[in-house]
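See below for the structure under consideration.
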Amino acid sequence: MTKKIGGVILEVKNISLAFGGVRALTDISFDVREHEIRAIIGPNGAGKSSMLNCINGVYQPQQGAVTLRGKTYRGMSPRQVAEMGVARTFQNLALFKGMSVLDNIMTGRNLRMKRGLFWQALHVGPARREETEQRAVVERIIDFLEIQAHRKTPVGRLPYGLQKRVDLGRALAMEPSLLLLDEPMAGMNVEEKQDMCRFILDVNDEFGTTIVLIEHDMGVVMDISDRVVVLDYGKKIGDGAPDEVRRNEDVIKAYLGAGH
Amino acid sequence: MKTLITCAALAALQLFAASAALAQAKEQFFPLLVYRTGPYSPNGTPWANGKQDYIKLINARDGGINGVKLSFEECETGYATDKGVECYERLKGKGASVFDPQATGITFALTDKVPNDKIPLITLGYGLSASADGGVFAWNFPLMGSYWTAADVLIQHLGKKEGGLDKLKGKKIALVYHDSPFGKEPIPMLEERQKMHGFDLIKIPVTAPGVEQKSAWLQVRQARPDYVLLWGWGVMNSTALKEAQATGYPREKMYGVWWSGAEPDVKDVGEGAKGYNALNLNTSGQSPKVIQDILKYVHEKGQGTGPKDEVGSVLYTRGLVIQALAVEAVRRAQERFGKGKVMTGEQVRWGLENLALDDKKLAALGLTGVIRPISTSCFDHQGSTSVRVHTWDGSKWNFSSDWYQADEQIIKPMVKAAADKYAGEKKLTRRTPQDCQS
Amino acid sequence: MGPFLETLVGGLMSGMLYSLIALGFVLIFKASGVFNFAQGAMVLFAALAMARFAEWLPKLTGMDSKVLINVLAFVGALAVMVIVAWLVERLALSRLVNQEGVTLLMATLGIAYLLEGAGQMLFGNDIYKIDIGLPKDPMFLFEQTFEGGILVSKEDLYAALIAAALVAGLSLFFQKTATGRALRAVADDHQAAQSIGIPLSRIWVIVWSVAGIVALVAGMIWGSKLGVQFSLSLVALKALPVVILGGLTSVPGAIVGGLLIGVGEKLSEAYLGPMLGGGIEYWFGYVLVLVVLLVRPQGLFGEKIIDRV
Amino acid sequence: MLYRENGQFKTTYAADSQILPIRQDRIAMALLLAVAFIVIPMVSSEYLLRAIFIPFLILSLAALGLNVLVGYCGQISLGSGAFMAVGAYVAYNCQARFEGMPLIVSLLAGGLGATVLGVAFGLPSLRIKGLYLAVATLAAQFFVDWACLRLKWVTNDSTSGSVSVANLNLFGVSVESPAARYLLCLAFVVVFALATKNIVRGHIGRSWMAMRDMDVAAAVIGIRPIQAKLSAFAVSSFIIGVAGALWGFVHLGSWEPAAFGINRSFDLLFMVIIGGLGSISGAFFGAAFIVVLPLLLDKLPYWTGLPMDTATASHLALMIFGALIVFFLIKEPHGLARLWATAKEKLRLWPFPH
């Protein structure tokens, strides 16, 4: 693939995170360049999700700092991070079960909807206009993800694969510059995985979105990502282009040698 | 779809409203708001039974009032105001001409409604004290006494015990009251008396329904008042007596209002309540003639409402008296508006405003000794403030004082002032004497 | 000093009585995740049953030994509560498995109405008496140290003792017996319970029966204090803050919570009440809970709630 | 008339996102409103209006408000009675203290009063969840009950602590007659129901539901918990406050704090649950169930014609009521509104299911 990778937009420095006594992350550092697809891989319990949670402010690391577009932060609220154009999807789906596909994705536009209670209550003029504008954007995403047929269905009723798409759609609706994907292909069958890969690549080069994605199996990830970070037991054991990482001793041990 | 359902429901409702309205033209209909369920049912039930039995008696013994048969219908309020309002609206439509709400809260809510509907309210011994002033409260009848007269009489009695009201100076009197309008009514009067006699008044509220009174009685114990006035209703009374026992406060020094001195209040306290005193507007026991008649004409015919042995209990008799006065009001009204006719609300009001039951009339009704003579007027809706104190001896109530009258000098101005304030808020004008003729 | 101690003791006593009712809530919530709104109604129902049995027995059999009558009445009422538990499971809960909390709460409300109606219809709606011979008169301690001494209500003291005994009994039951351990297992997770080989339905019947027994004891004690009548169903309201303060799932929590709230109420009433015009114990318990929850959202002894992504 | 949506195509997003996308529904709604505004006031007896429709409407309004909080934002509250009380007393003080204060203004002022309290007691919801929050909100209930009894200025120094209002009029038009009172309530209900519907289908409503369904995810997409929850508390308690003011002014006319006691709070919560969480119509179904049904059950003796003494009758009513609650929950745990929706769904596909 030929696309120009820009400068570093996200830098993670010496992040350490612990719950009580349990160390989830120890002194992790890596960076993410503009427009690249950056994968974080590692066996289950390697601390991948915790890493994402640190990046978008759900967890507050005890040590280290995250630098986003030169703005260094420690202890930022998820909203503040979101306002800086970071979106994410969730490993075990965190969709809004009670709401329709459309509404779920619409929530992604909330940051951009400003009309107050009063106008909302009247639902005329500005409020209505705003609603339709945003709706238009969302509809584009729905088309992009090929889920038009399910617009009005409550997400609860959708098959798992489609729910994953809605989750992605909700994140895309935020028009993020940095997109964090937490195991987007977990528990999918082959076709679903291929679809998901296609979407991720399309997002990456159509919207130029920078993507950080997590997977526990190396498989597909290696083909689509530009650079890979490998975590094991909360420590970074490898970082670099897919083939380097493939050759990395520790990585092989972590994966193959996990048994003996 | 929705519409269909709505219409159906509507039709149904209409049906019930109608089907229930079966009060025949030739019957004087008495709506009975009662509470036989809920927290206050032990007190509400005998009261309701008394009312019902008296109606049955009049039909069975005298064949009605000058030939007009009496009919009635009960509606369960459960002592809840909104339910009471619903009952009122329901029974109003069936030719009701007088109501006894049987609850202070409901009385307040209905007080605003009756002037439009032209139906008098009998609130014998409860309701708004100021409503004794018929000039403003044209439709309320707190016959035989209000909480102000009660408080006044209690202080008189305590004064007498001390050997003169002046002896009350420096004495401590605690008011343990149901934390509601009912319980607060007496306070202005007590404060008035406090100013006059210089006793100190300790106010101890008890949250309804009054199942938890420990701290109230610990306060009593620590304040060591010379007397405790108990202003409770329902479970609060018996609980108060038990807590008094548990904190060792002498029951002899406790004086209840007439709603705190009936069998249900002391029954399961038994010996523990021995010596406890309370006001009573009427006798208890089965000796009076009217009670005998009820046993003879109603209960022995198997028509009785409640258990036979509860006939003549304090609250039963009170219910009976209330009903009797209502019936007499109708009778009085018939004398003016035509014997053997069914009286309207307005006509019954005239009857209530012109009650003149002297000893002779009372005797005829078999009420001798049960109540004192009572005569009302357009401006005095109370008619009498006579009340006695009775004392629980561990198994029954015995009168322990002579009849008292509330002190007009004190009450009159207070009632007038309060009534005027009310009139001001409601933008009402006082009734004129000619208005009284209707 | 005297008054203070007196109030303190009084508070502890009422606190124990609150705990007694709170216990019923906790047991059921622990084992079936149901916030049992009907607990108050169960107290009323059980008390009515016992009071009436105690009244009817002599009439029917002419026996006169008060102890025997009370014992038999208690057993009778107990049987009734077990039947109630069984019916509740059969007719309602078994058809509402794995519904959300609110739905179940709502169902228990329906059950509450049923019990209140049925109880008063079967056993009457007057005041009835439970006389288990609790002494009514107070005793005074340290009369030489404080003038007037420190008043302790014997009735409450015995009541508190009974309550304590019940709690002890229950914890033994939970620690030592197989069923008890099974119940604890269910509390932790329902699948696990089934894997032990006890059908959930039976577990629930047992739990509700136990709660029924707790209700019966509570009803007996409160009944002999207040007289058995509708208002008994309202004392449950006093237990709500206790349950929450202690943490919905903790038996010791219910006890400590009860004592805290009992003492807090009484002291606040005695010392803040006069300033604020009295009657503040009415809300004090709840405000206390509110404050505590702000610090510990899961109550004093409740399990910590952690939400993961 | 067949109940079908085929052949009804939406060409604009606005048209697609309207409240009742199906034509037949719009017609039905129009009819319903016509009946409510014209037929009912004309045909129904004073009893029906005063004792059934007015309380039904007011409590529906309150339930609607509570549903915003419980149903849409997922915060269980047992303080509704308090919010109603505050609404009523604030409105009362406006009327009593300011000569010639327009009724509407007083009622809305009541709503605002409740809003203030609502937001104050909403703050704990940022930390406390579920049943814990529910019981915490009881603090509001009990504290307000107490305050209304104890603080003299709340009741404008009435000796007994009970207050009353009289000669209500709307811009000079008297609202004393049952029909007028009914229409006043109805107007309020319709306006608020519409406004609420609009809010919940807009981005604010979505942020509430997001908080309800998955608060962490909501935070990640940039929804501020404080904003979402407190706005829900504000809107909810405003509506409940207005309902309270109506309850005092229009229904009771004269009341004491007991009128807004703890039972009121519980009833409202039950209405919302049994009616259907997170649905506008749920409030109405719930109110109908909790308010109207018991009244019908009270009339049991007349229906059956059996001679039954009052006590037995009302005990029986109580039992049937309880049984019905359990029955409906077993049939449809998500409330009557859902039952209604499924019925419509079936009707739409009839006679070809799937």
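Computed from the coordinates by the stated procedures, all read-outs in this text should not be read as laboratory data. Everything quoted here is computed from the prediction, not taken from an experiment. Note that we place each Cβ from the backbone using ideal geometry, even for glycine, and neighbour counts take in every protein chain shown.
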Output the peptides D:59-70, A:151-162, D:107-118 sorted from most to least packed, where packing is the average of other Cβ atoms within 10 Å over each peptide's residues.
D:59-70, D:107-118, A:151-162
What ranking, highest mean first, results for peptides C:204-213, C:155-164, C:137-146 when packing means the other Cβ atoms within 10 Å averaged over each residue?
C:204-213, C:155-164, C:137-146
Do the alpha carbons of any pairs in B:Lys308/C:Lys59; C:Lys30/C:Lys266; B:Lys51/B:Lys339 sit beyond 25 Å of each other, and which pairs?
C:Lys30/C:Lys266
What average number of partner chain Cβ atoms lie no more than 10 Å from the Cβ of the residues making up C:242-248?
3
Determine the sum of side-chain charges near B:Met414: Lys and Arg each +1, Asp and Glu each -1, restricted to other residues whose C-beta is under 14 angstrom from that of B:Met414.
-3
Express in % the proportion of alpha carbon pairs of the protein assembly as shown at distances exceeding 57 Å.
26
Flagged links, alpha-carbon separation over 26 Å, of A:Lys71/A:Lys236; B:Lys301/B:Lys360; B:Lys361/B:Lys412; B:Lys92/B:Lys341:
B:Lys301/B:Lys360; B:Lys361/B:Lys412
Where does each of B:238-251, B:386-399 land if you order them by average Cβ count within 10 Å, highest first?
B:238-251, B:386-399
Cut-off 13 Å between beta-carbons: net charge of the residues surrounding B:Tyr40, Lys and Arg +1, Asp and Glu -1
-1
Which loop chymotrypsin sites (Phe, Trp or Tyr not before Pro) in segment A:4-69, with loop taken from DSSP, have no more than 12 other Cβ atoms within 10 angstrom of their Cβ?
none
Can you list which of the DSSP-assigned H helices in chain D have a Cα extent of 24 Å or more along the long axis and an average Kyte-Doolittle score of at least 1.0?
D:103-122, D:130-150, D:178-200, D:225-246, D:310-331
For chain B, find the longest principal axis of its Cα atoms and tell me its angle to the long axis of helix B:147-162, 0 to 90°, nearest 10.
30
According to the Cα gyration tensor, what semi-axes, each the square root of 5 times an eigenvalue, does the equivalent ellipsoid of segment A:94-175 have, listed from largest to smallest in whole Å?
24, 13, 11
To the nearest 10 degrees, how steep is helix B:41-57 against the longest Cα principal axis of chain B, on a 0 to 90 scale?
50
Give, to the nearest whole percent, the P(r) tail of segment C:2-232 beyond 30 angstrom, counting all Cα pairs.
32
Average other protein chain Cβ within 10 Å of Cβ, residues A:74-82:
4
Divide the volume of the convex hull of the Cα atoms of segment D:117-220 by its number of residues and quote the answer in cubic angstrom per residue.
171
Count neighbours as other Cβ atoms within 10 Å of each site's Cβ, and list the GluC sites (Glu not before Pro) in segment C:21-110 that are DSSP loop with at most 15 such neighbours.
C:Glu100
Number of partner chain Cβ atoms within 10 Å, mean per residue of D:267-279
2
Chain B: Rg to Rh, with Rh as the Kirkwood radius over Cα pairs:
0.97
Evaluated at 37 °C with a viscosity of 0.692 mPa s, what Stokes-Einstein diffusion coefficient in µm²/s does segment D:44-349 have when Rh comes from the Kirkwood expression over alpha-carbon pairs?
164
Binning at 5 Å from 0, report for segment D:224-354 what percent of all alpha-carbon pair distances ends up in each bin.
2, 9, 12, 16, 16, 16, 13, 8, 4, 3, 1, 0, 0
Over all pairs of distinct alpha carbons, what does the Kirkwood formula give as the hydrodynamic radius of segment C:99-171, in Å?
16.7
Net charge near D:Val250: determine it from the other residues with C-beta under 15 Å of the C-beta of D:Val250, scoring Lys and Arg +1 and Asp and Glu -1.
-3
Taking chymotrypsin sites (Phe, Trp or Tyr not before Pro) as candidate sites, keep only those in a DSSP loop with at most 14 other Cβ atoms within 10 Å, then name the longest stretch of chain D containing none of them.
D:172-354
Which percent, nearest 5, of DSSP beta bridges in chain B are antiparallel?
30
Taking the square root of 5 times each eigenvalue of the Cα gyration tensor, what semi-axes in Å does the equivalent ellipsoid of segment D:5-72 have, largest first?
31, 20, 7
List the DSSP H helices in chain C whose Cα atoms stretch 27 Å or more along the helix axis and whose mean Kyte-Doolittle hydropathy is at least -1.0.
C:2-32, C:39-61, C:66-87, C:101-123, C:154-176, C:200-226, C:251-271
Pairs of lysine residues in chain D - Cα separation under 27 Å, sequence separation of 8 or more or cross-chain
12
Loop-only check: which trypsin sites (Lys or Arg not before Pro) in segment C:204-309 are DSSP coil with at most 11 other Cβ within 10 angstrom?
C:Lys304, C:Arg308
If one puts a single equal scatterer on every Cα of segment B:287-438 and applies the Debye formula without solvent, what log₁₀ I(q)/I(0) results at q = 0.10, 0.20 Å⁻¹?
-0.49, -1.35
